[in-house]
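The values are calculated or read from the model by the stated rules, or taken from the named source; none is laboratory data. Being a predicted model, the structure only gives us computed values, none of them experimental. Neighbour counts run over all protein chains shown; Cβ positions are idealised from the backbone, glycine included. Keep in mind that these areas ignore ligands, DNA and RNA; they rest on the heavy atoms of the full protein, side chains included. Shrake-Rupley method; radii C 1.70, N 1.55, O 1.52, S 1.80 Å.
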Amino acid sequence: MHTHSTASDGTDRPAGLVAAAHAAGVEVLAITDHDTTAGWAEAADALRPGMSLVRGSEFSCVSATGRGDRPVAVHLLGYLFDPQHPAVRAEQARLRDERGTRLRRITERMAADGYPVDVDGVMALVPAGASAGRPHLARALVAAGVVESVTEAFAKLLYSGSPYWVPKADTPVETAIEMITAAGGVTVFAHALARKRGRVVEPSRIVELAAAGLTGVEVDHPDHSPEDRELLRRLAGEHGLVTTGSSDYHGTNKVTPLAAETTDPESLEKLVAQATGVPVLHA
Ligand code: AMP
Ligand code: ZN
Ligand code: FE
Ligand code: FE
(Lines give C-alpha, C1' and ligand atoms only; values in the text may rest on other atoms or scores of the structure.)
(Ligands and ions follow the chains in the order given, each with its own letter.)
Protein backbone atom coordinates (compact mmCIF):
# COMPACT_ATOMS: atom_id res chain seq x y z
CA MET A 1 0.00 0.00 0.00
CA HIS A 2 3.04 2.29 -0.16
CA THR A 3 5.70 1.92 -2.86
CA HIS A 4 7.87 4.16 -5.00
CA SER A 5 8.97 3.87 -8.63
CA THR A 6 11.23 5.88 -10.91
CA ALA A 7 8.36 8.39 -11.14
CA SER A 8 9.85 9.60 -7.83
CA ASP A 9 12.76 8.22 -5.82
CA GLY A 10 12.37 4.47 -6.31
CA THR A 11 14.71 2.52 -8.60
CA ASP A 12 12.20 0.23 -10.37
CA ARG A 13 10.26 1.58 -13.32
CA PRO A 14 6.48 1.38 -12.64
CA ALA A 15 6.23 -1.75 -14.82
CA GLY A 16 9.18 -3.29 -13.00
CA LEU A 17 7.58 -2.47 -9.66
CA VAL A 18 4.43 -4.34 -10.69
CA ALA A 19 6.49 -7.30 -11.90
CA ALA A 20 8.48 -7.36 -8.65
CA ALA A 21 5.25 -7.23 -6.62
CA HIS A 22 3.82 -10.09 -8.66
CA ALA A 23 6.98 -12.12 -8.05
CA ALA A 24 6.70 -11.37 -4.32
CA GLY A 25 3.13 -12.72 -4.26
CA VAL A 26 1.47 -9.33 -3.74
CA GLU A 27 -2.23 -9.42 -4.67
CA VAL A 28 -3.00 -5.75 -4.20
CA LEU A 29 -0.32 -3.17 -4.90
CA ALA A 30 -0.49 0.57 -4.34
CA ILE A 31 1.88 2.83 -6.24
CA THR A 32 2.46 6.00 -4.21
CA ASP A 33 5.21 8.14 -5.70
CA HIS A 34 6.03 11.43 -4.03
CA ASP A 35 3.87 14.30 -5.34
CA THR A 36 3.05 12.71 -8.69
CA THR A 37 0.72 10.32 -10.48
CA ALA A 38 3.15 9.99 -13.41
CA GLY A 39 3.69 6.27 -12.77
CA TRP A 40 0.01 5.29 -12.78
CA ALA A 41 -0.42 4.56 -16.50
CA GLU A 42 2.66 2.37 -16.90
CA ALA A 43 1.82 0.45 -13.71
CA ALA A 44 -1.76 -0.12 -14.92
CA ASP A 45 -0.54 -1.42 -18.28
CA ALA A 46 1.84 -3.84 -16.57
CA LEU A 47 -0.77 -5.35 -14.22
CA ARG A 48 -0.54 -9.18 -14.02
CA PRO A 49 -3.43 -11.67 -13.80
CA GLY A 50 -4.72 -11.97 -10.26
CA MET A 51 -3.35 -8.57 -9.25
CA SER A 52 -5.11 -5.33 -8.38
CA LEU A 53 -3.66 -1.84 -8.46
CA VAL A 54 -4.53 0.96 -6.06
CA ARG A 55 -3.44 4.23 -7.59
CA GLY A 56 -2.11 6.73 -5.08
CA SER A 57 0.54 9.27 -4.25
CA GLU A 58 2.53 10.34 -1.19
CA PHE A 59 1.91 14.04 -0.58
CA SER A 60 4.63 16.22 0.99
CA CYS A 61 2.95 18.07 3.84
CA VAL A 62 3.74 20.15 6.88
CA SER A 63 2.01 19.94 10.25
CA ALA A 64 2.00 21.58 13.64
CA THR A 65 3.55 19.17 16.13
CA GLY A 66 1.02 19.67 18.93
CA ARG A 67 3.83 20.89 21.20
CA GLY A 68 4.04 24.51 20.09
CA ASP A 69 7.52 24.12 18.54
CA ARG A 70 8.17 24.69 14.84
CA PRO A 71 6.09 22.69 12.32
CA VAL A 72 7.35 19.35 11.05
CA ALA A 73 7.37 17.75 7.59
CA VAL A 74 4.88 14.88 7.35
CA HIS A 75 3.79 12.57 4.55
CA LEU A 76 0.19 11.89 3.61
CA LEU A 77 -0.79 8.95 1.41
CA GLY A 78 -3.69 9.77 -0.89
CA TYR A 79 -5.44 6.89 -2.65
CA LEU A 80 -7.95 6.64 -5.49
CA PHE A 81 -8.34 10.40 -6.01
CA ASP A 82 -9.13 11.96 -9.36
CA PRO A 83 -5.71 12.98 -10.72
CA GLN A 84 -7.34 15.67 -12.88
CA HIS A 85 -8.87 17.48 -9.91
CA PRO A 86 -7.59 21.05 -10.42
CA ALA A 87 -6.35 21.65 -6.86
CA VAL A 88 -4.55 18.31 -6.71
CA ARG A 89 -2.97 18.83 -10.12
CA ALA A 90 -1.81 22.35 -9.31
CA GLU A 91 -0.44 21.46 -5.88
CA GLN A 92 1.43 18.41 -7.14
CA ALA A 93 2.94 20.45 -9.99
CA ARG A 94 4.00 23.13 -7.51
CA LEU A 95 5.60 20.56 -5.20
CA ARG A 96 7.51 18.87 -8.04
CA ASP A 97 8.85 22.25 -9.07
CA GLU A 98 9.77 22.98 -5.46
CA ARG A 99 11.54 19.60 -5.25
CA GLY A 100 13.63 20.30 -8.36
CA THR A 101 14.69 23.75 -7.17
CA ARG A 102 15.57 22.42 -3.74
CA LEU A 103 17.63 19.49 -5.02
CA ARG A 104 19.57 21.88 -7.27
CA ARG A 105 20.27 24.15 -4.30
CA ILE A 106 21.42 21.31 -2.04
CA THR A 107 23.70 20.09 -4.86
CA GLU A 108 25.12 23.59 -5.41
CA ARG A 109 25.89 23.95 -1.71
CA MET A 110 27.73 20.65 -1.66
CA ALA A 111 29.62 21.47 -4.87
CA ALA A 112 30.66 24.83 -3.38
CA ASP A 113 32.12 22.91 -0.45
CA GLY A 114 34.18 20.76 -2.80
CA TYR A 115 32.03 17.65 -3.13
CA PRO A 116 32.35 16.13 -6.63
CA VAL A 117 28.69 16.59 -7.63
CA ASP A 118 27.08 19.02 -10.05
CA VAL A 119 23.53 20.09 -10.80
CA ASP A 120 23.41 18.72 -14.36
CA GLY A 121 24.77 15.37 -13.28
CA VAL A 122 22.28 15.01 -10.43
CA MET A 123 19.29 16.23 -12.42
CA ALA A 124 20.19 13.75 -15.20
CA LEU A 125 19.30 11.03 -12.69
CA VAL A 126 15.73 12.36 -12.43
CA PRO A 127 13.60 11.12 -15.36
CA ALA A 128 11.50 13.74 -17.19
CA GLY A 129 8.29 14.38 -15.28
CA ALA A 130 9.50 12.54 -12.17
CA SER A 131 9.70 14.01 -8.65
CA ALA A 132 13.25 14.88 -7.63
CA GLY A 133 14.35 13.85 -4.15
CA ARG A 134 17.41 13.59 -1.96
CA PRO A 135 17.87 9.91 -2.95
CA HIS A 136 18.84 11.09 -6.46
CA LEU A 137 21.67 13.16 -4.99
CA ALA A 138 22.52 10.25 -2.69
CA ARG A 139 23.05 8.05 -5.74
CA ALA A 140 25.28 10.68 -7.33
CA LEU A 141 27.36 10.74 -4.14
CA VAL A 142 27.66 6.95 -4.23
CA ALA A 143 28.66 7.05 -7.92
CA ALA A 144 31.29 9.71 -7.15
CA GLY A 145 32.73 7.51 -4.40
CA VAL A 146 31.95 10.00 -1.62
CA VAL A 147 29.91 7.43 0.30
CA GLU A 148 29.33 3.70 -0.05
CA SER A 149 25.54 3.68 0.09
CA VAL A 150 22.39 5.79 -0.07
CA THR A 151 21.90 5.09 3.65
CA GLU A 152 25.38 6.45 4.41
CA ALA A 153 24.69 9.52 2.25
CA PHE A 154 21.63 10.31 4.39
CA ALA A 155 23.38 9.60 7.68
CA LYS A 156 26.39 11.79 6.89
CA LEU A 157 25.24 14.50 4.50
CA LEU A 158 21.57 14.57 3.56
CA TYR A 159 19.73 14.21 6.88
CA SER A 160 17.17 16.88 7.79
CA GLY A 161 19.05 19.71 9.47
CA SER A 162 22.43 18.91 7.88
CA PRO A 163 24.60 21.90 6.80
CA TYR A 164 23.40 21.28 3.23
CA TRP A 165 19.73 21.02 4.16
CA VAL A 166 17.33 23.18 2.15
CA PRO A 167 13.65 23.12 3.11
CA LYS A 168 10.78 22.96 0.63
CA ALA A 169 7.34 24.58 0.95
CA ASP A 170 5.11 21.62 1.73
CA THR A 171 1.30 21.62 1.84
CA PRO A 172 -0.40 22.18 5.22
CA VAL A 173 -1.66 18.70 6.05
CA GLU A 174 -5.25 19.82 6.74
CA THR A 175 -5.32 21.47 3.29
CA ALA A 176 -4.03 18.28 1.69
CA ILE A 177 -6.68 16.15 3.43
CA GLU A 178 -9.38 18.55 2.21
CA MET A 179 -8.02 18.61 -1.34
CA ILE A 180 -7.60 14.84 -1.70
CA THR A 181 -11.03 14.22 -0.16
CA ALA A 182 -12.58 16.75 -2.57
CA ALA A 183 -10.94 14.80 -5.41
CA GLY A 184 -12.74 11.64 -4.25
CA GLY A 185 -9.72 10.12 -2.55
CA VAL A 186 -8.99 8.74 0.90
CA THR A 187 -6.05 9.75 3.09
CA VAL A 188 -3.66 7.79 5.30
CA PHE A 189 -1.04 9.43 7.53
CA ALA A 190 2.26 7.79 6.43
CA HIS A 191 4.89 6.72 9.02
CA ALA A 192 3.50 9.24 11.53
CA LEU A 193 5.81 8.09 14.35
CA ALA A 194 9.03 7.39 12.41
CA ARG A 195 11.15 8.89 15.19
CA LYS A 196 14.47 7.82 13.69
CA ARG A 197 13.87 10.37 10.91
CA GLY A 198 13.62 13.26 13.40
CA ARG A 199 10.80 15.01 15.21
CA VAL A 200 7.29 13.58 14.92
CA VAL A 201 3.82 14.90 15.79
CA GLU A 202 2.13 14.33 19.13
CA PRO A 203 -0.66 11.71 19.20
CA SER A 204 -3.09 14.60 19.84
CA ARG A 205 -2.46 15.80 16.27
CA ILE A 206 -3.55 12.46 14.85
CA VAL A 207 -6.78 12.80 16.82
CA GLU A 208 -7.26 16.31 15.37
CA LEU A 209 -6.60 15.10 11.85
CA ALA A 210 -9.09 12.28 12.31
CA ALA A 211 -11.68 14.97 13.11
CA ALA A 212 -10.51 16.90 10.01
CA GLY A 213 -11.32 13.95 7.75
CA LEU A 214 -8.20 11.77 7.78
CA THR A 215 -9.21 8.22 6.78
CA GLY A 216 -6.41 6.13 8.25
CA VAL A 217 -2.93 5.75 9.73
CA GLU A 218 -0.05 3.62 8.56
CA VAL A 219 0.68 1.43 11.58
CA ASP A 220 2.98 -1.32 10.34
CA HIS A 221 5.86 0.58 8.73
CA PRO A 222 9.56 -0.39 8.87
CA ASP A 223 10.41 2.85 10.71
CA HIS A 224 7.86 2.28 13.54
CA SER A 225 8.84 0.67 16.84
CA PRO A 226 6.60 -2.06 18.33
CA GLU A 227 5.48 0.41 21.05
CA ASP A 228 4.51 3.08 18.52
CA ARG A 229 2.59 0.54 16.44
CA GLU A 230 0.57 -0.34 19.55
CA LEU A 231 -0.03 3.35 20.29
CA LEU A 232 -1.20 3.98 16.71
CA ARG A 233 -3.44 0.92 16.70
CA ARG A 234 -5.11 2.07 19.91
CA LEU A 235 -5.56 5.63 18.62
CA ALA A 236 -7.02 4.29 15.38
CA GLY A 237 -9.49 2.13 17.28
CA GLU A 238 -10.59 5.05 19.45
CA HIS A 239 -11.00 7.51 16.61
CA GLY A 240 -12.35 5.41 13.77
CA LEU A 241 -9.19 5.43 11.66
CA VAL A 242 -8.39 2.61 9.24
CA THR A 243 -5.00 0.96 9.93
CA THR A 244 -2.60 -0.02 7.16
CA GLY A 245 0.78 -1.72 6.84
CA SER A 246 3.31 -1.22 4.07
CA SER A 247 6.95 -1.60 3.16
CA ASP A 248 7.52 1.89 1.68
CA TYR A 249 9.56 0.08 -0.97
CA HIS A 250 12.07 2.19 -2.93
CA GLY A 251 13.92 -0.54 -4.88
CA THR A 252 17.64 -0.44 -4.17
CA ASN A 253 17.42 3.07 -2.67
CA LYS A 254 16.27 1.47 0.60
CA VAL A 255 16.85 -1.86 2.29
CA THR A 256 13.21 -2.86 2.91
CA PRO A 257 11.90 -5.47 0.45
CA LEU A 258 8.41 -5.45 -1.07
CA ALA A 259 5.65 -6.83 1.18
CA ALA A 260 7.83 -6.64 4.29
CA GLU A 261 4.65 -5.22 5.88
CA THR A 262 1.12 -5.70 4.59
CA THR A 263 -2.44 -4.42 5.05
CA ASP A 264 -5.30 -6.72 6.03
CA PRO A 265 -8.11 -7.11 3.45
CA GLU A 266 -10.80 -5.61 5.73
CA SER A 267 -8.78 -2.41 6.11
CA LEU A 268 -8.31 -2.20 2.36
CA GLU A 269 -12.06 -2.68 1.88
CA LYS A 270 -12.79 0.18 4.26
CA LEU A 271 -10.49 2.48 2.31
CA VAL A 272 -11.90 1.48 -1.06
CA ALA A 273 -15.49 1.84 0.17
CA GLN A 274 -14.91 5.52 0.96
CA ALA A 275 -13.15 6.44 -2.30
CA THR A 276 -14.93 7.78 -5.37
CA GLY A 277 -12.17 9.36 -7.49
CA VAL A 278 -10.84 6.47 -9.58
CA PRO A 279 -11.48 2.72 -9.18
CA VAL A 280 -9.13 -0.01 -8.05
CA LEU A 281 -7.85 -1.64 -11.27
CA HIS A 282 -8.01 -5.41 -11.74
CA ALA A 283 -6.00 -7.27 -14.36
P1 AMP B 1 13.00 14.15 0.06
O2 AMP B 1 11.78 13.62 -0.61
O3 AMP B 1 13.96 14.80 -0.86
O4 AMP B 1 12.70 14.99 1.28
O5 AMP B 1 13.77 12.87 0.61
C6 AMP B 1 13.07 12.02 1.48
C7 AMP B 1 13.16 10.61 0.93
O8 AMP B 1 14.47 10.16 1.13
C9 AMP B 1 12.27 9.64 1.69
O10 AMP B 1 11.02 9.52 1.10
C11 AMP B 1 13.04 8.37 1.52
O12 AMP B 1 12.76 7.84 0.26
C13 AMP B 1 14.47 8.80 1.48
N14 AMP B 1 15.17 8.65 2.77
C15 AMP B 1 15.03 9.39 3.89
N16 AMP B 1 15.89 8.99 4.84
C17 AMP B 1 16.59 7.96 4.31
C18 AMP B 1 17.64 7.12 4.79
N19 AMP B 1 18.12 7.25 6.01
N20 AMP B 1 18.12 6.16 3.96
C21 AMP B 1 17.63 6.04 2.71
N22 AMP B 1 16.65 6.80 2.20
C23 AMP B 1 16.14 7.75 2.99
ZN1 ZN C 1 10.88 8.39 -0.95
FE1 FE D 1 7.40 9.05 3.26
FE1 FE E 1 7.30 6.71 0.90
### Query
Taking H as built 1.01 Å from N, whose amide H comes closer than 5 Å to the amide H of Arg55, not counting residues under 5 places away?
Leu80, Leu281
### Three-way shape label, the range 128-186, alpha-carbon gyration tensor, a/c 1.5
prolate
### Thr151-Thr101 FRET efficiency (beta carbon distance; Förster radius 25 Å; 0.05 resolution)
0.50
### Message
Please give me the summed charge of the neighbours of Val242: other residues whose Cβ is under 11 Å from its Cβ, Lys and Arg +1, Asp and Glu -1.
### Response
-3
### Message
Give me the percent of accessible area attributable to carbon and sulfur for the range 14-282, probe 1.4 angstrom.
### Response
53
#### Entry: Two-site FRET efficiency, Val280 against Ala41, from Cβ-Cβ distance with R₀ of 22 Å, rounded to 0.05
0.90
### Task
Report the extension gain between Glu27 and Thr252 in nm, rounded to one decimal, defined as 0.36 nm multiplied by the number of residues separating them, less their alpha carbon distance.
78.8 nm
### Task
Please work out the Cα center distance from the range 177-202 to the range 1-51, rounded to the nearest Å.
20
### Query
Efficiency by 1/(1 + (r/R0)^6): what FRET value for Ala144 and Gln84, r their Cβ-Cβ distance, R0 = 35 Å, to the nearest 0.05?
0.30
### Summary
Any residue on another chain or 5+ positions along whose placed amide H is under 5 Å from the amide H of Asp35 is listed here as Glu58, Phe59, Ser60
### Query
Looking only at Ala124, Ala183, Ala19, which one moves most when the chain is put into a Gaussian network model with springs between Cα atoms under 10 Å?
Ala124
### Bridge type composition, the chain - antiparallel percent by DSSP, nearest 5
45
### Query
Do any trypsin sites (Lys or Arg not before Pro) in the range 142-223 lie in a loop, going by DSSP, with at most 15 other beta-carbon atoms within 10 Å of their beta carbon, and if so which?
Arg199
### Cα-based shape type of the range 1-146, given that a ≥ b ≥ c are square roots of the gyration tensor eigenvalues and the cut on a/c is 1.5
oblate
### Query
Got the relative contact order for the chain handy, in percent, Cα pairs under 8 Å and 6 or more residues apart?
24
### Message
On C-alpha positions alone, give me the angle between the axis of helix 134-143 and the longest principal axis of the chain, in degrees, nearest 10.
### Response
40
### Message
Suppose the chain between Ser160 and Ala260 were pulled fully straight at 0.36 nm per residue; how much longer would it get relative to their current alpha carbon spacing?
### Response
33.4 nm
### Message
Give me the base-10 log of I(q)/I(0) for the chain at each q in 0.14 Å⁻¹, Debye formula, one uniform scatterer per Cα, rounded to two decimals.
### Response
-1.00
### Task
State, as an integer percentage, the relative contact order of the range 1-93 based on alpha-carbon contacts under 8 Å between residues 6 or more apart.
24
